[in-house]
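Only one structure is covered here, and it is reproduced in the block below.
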Amino acid sequence: MPVKLASNPGFNPMYGAPVAVVISTDKAADPNSQNMTVANAACAGENMLIAATDSGLASCYLVSPTLAFAIPEIKAAAKIPENAVPQAMIVFGYSEDNKPHAPKSFDNIVYVK
């Protein structure tokens, strides 16, 4: 499926974003803590998304483009260190969305005690 999708002439996994940040974990990490390193990478990405939004930037958390880094030539071209394992990619740019958004409403918040 990924090869078929990637062969589509209009396919752009980075959505035309001018900036991308690859979040990686350490390959040498203790195997027992591997799940935590992936979770930490996700948390770092989430913080980047929040900061981008607060700065007026559009951003998107992506995982599928990191599959390309399994190809040694692509990983080397991106200058990703050998011991790094790409977990996610965050792309940043300015949105072309100029449509009015629905007003924020806090009427549907349910508090549980």
Checklist outcome for this item: For region 44-76 the number of residues that are part of a helix (DSSP H, G or I), in contact with a Phe, Trp or Tyr (Cβ under 6 Å, 6 or more places away or on another chain) and not hydrophobic (A, V, I, L, M, F, W, C) is 2
Checklist entry - Looking at Ser105, is it in contact with a strand residue (DSSP E or B) (Cβ under 9 Å, 6 or more places away or on another chain) and modelled with pLDDT under 90? => result no
Next on the checklist: Out of everything in region 12-29 that is open to solvent by 80 Å² or more (accessible area, probe 1.4 Å) and at pLDDT below 90, what residue ends up being farthest from Ile80 (Cα to Cα)?
Outcome noted: Tyr15
Checklist entry - Residues in region 20-44 that are under 23 Å from Ser95 (Cα atoms) and in contact with a Ser or Thr (Cβ under 9 Å, 6 or more places away or on another chain): how many? => result 2
Checklist entry - Would you call Ala44 in contact with an Asp or Glu (Cβ under 8 Å, 6 or more places away or on another chain), at pLDDT 85 or above, among the small types (Gly, Ala, Ser) and open to solvent by less than 80 Å² (accessible area, probe 1.4 Å)? => result no
Next on the checklist: Regarding region 56-76, can at least one residue be identified that is among the basic types (Lys, Arg) and loosely packed, with under 11 Cβ neighbours inside 10 Å?
Outcome noted: no
Item to check | Sole exception among (1) hydroxyl-bearing (Ser, Thr, Tyr); (2) touching a residue at least 24 places away in the same chain (Cβ under 8 Å); (3) open to solvent by less than 80 Å² (accessible area, probe 1.4 Å) for Ser105, by number | outcome: (2)
Next on the checklist: Looking only at residues that are more than 16 Å from Asp26 (Cα to Cα) and either free of Cβ contacts under 8 Å to residues at least 12 places away in the same chain or part of a strand (DSSP E or B) (or both) in region 77-96, which one is most open to solvent (accessible area, probe 1.4 Å)?
Outcome noted: Glu96
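The values are calculated or read from the model by the stated rules, or taken from the named source; none is laboratory data. It should be emphasised that the depicted structure is a prediction, and the values quoted were computed from it without experimental measurement. Reconstructed Cβ throughout: ideal geometry from the backbone, glycine too, with neighbour counts over all protein chains shown. Ligands, DNA and RNA are excluded from the accessible area calculation, which covers all protein heavy atoms including side chains. Shrake-Rupley method; radii C 1.70, N 1.55, O 1.52, S 1.80 Å.
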